Amino acid sequence: MVLYAKDIMEREILFVDSGTSCSDLAKLMVSNKHGFAVVRSSKGENVGIITEWDLVSRLLAKGLDPSSTKVEDIMTTGIISVDAREELSDVADMMAKKGIRRVLVTDKGNVVGVVTCRIVLANLKSYVDSVSRDLARYGLLPF
């Protein structure tokens, strides 16, 4: 059984406008129970991602005012995404190599979900068990 990004992705994503204040973002993140948001430009383009770590390290630790600092001032640019049909093993490998905890999932250029390291870990055991059963069924395991 092969798992793909579309099989394990989280479908609910919080999107915010790049001009949103960090204070408003924090409230949205709490009320929506999200640890990150995808940042969109005024034209609707995905231009960045902002996480709880960004709020801590780029806003609070620098003593910036959350009410006057905009999301675009502290977001991470260069969003990394994978196609919905990308295999889980390739997604996990890429996340590990790039040292990232979230990757957007796209289908025909549209963001349809997100794979997080938490989701990968949660699905890892069942994935390994399934592969092991298949290998055992075909006598491909040494034990």
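The values are calculated or read from the model by the stated rules, or taken from the named source; none is laboratory data. In this text, all values refer to a predicted model and were calculated from it rather than measured experimentally. No Cβ is skipped: glycine too gets one built from the backbone with ideal geometry, and neighbour counts run over all protein chains shown. When the accessible area is computed, the model is the full protein with side chains, heavy atoms only, and any ligands, DNA or RNA have been set aside. Shrake-Rupley method; radii C 1.70, N 1.55, O 1.52, S 1.80 Å.
Quick one: is Val105 of a type outside the set (Gly, Ala, Ser), crowded, with 16+ Cβ neighbours inside 10 Å and in contact with a Gly (Cβ under 6 Å, 6 or more places away or on another chain)?
yes
Using the structure shown, decide if Gly99 is over 13 Å from the mean Cα position of the chain (by Cα), of a type outside the set (D, E, K, R) and surrounded by fewer than 18 Cβ atoms within 10 Å (Cβ to Cβ).
no
So in segment 40-55, with the set limited to residues that are polar (S, T, N, Q) and more than 19 Å from Arg101 (Cβ to Cβ), which one is most open to solvent (accessible area, probe 1.4 Å)?
Here the residue is Ser42.
Would you check if Leu135 is of a type in the set (A, V, I, L, M, F, W, C) and under 23 Å from Val30 (Cβ atoms)?
No, not satisfied.
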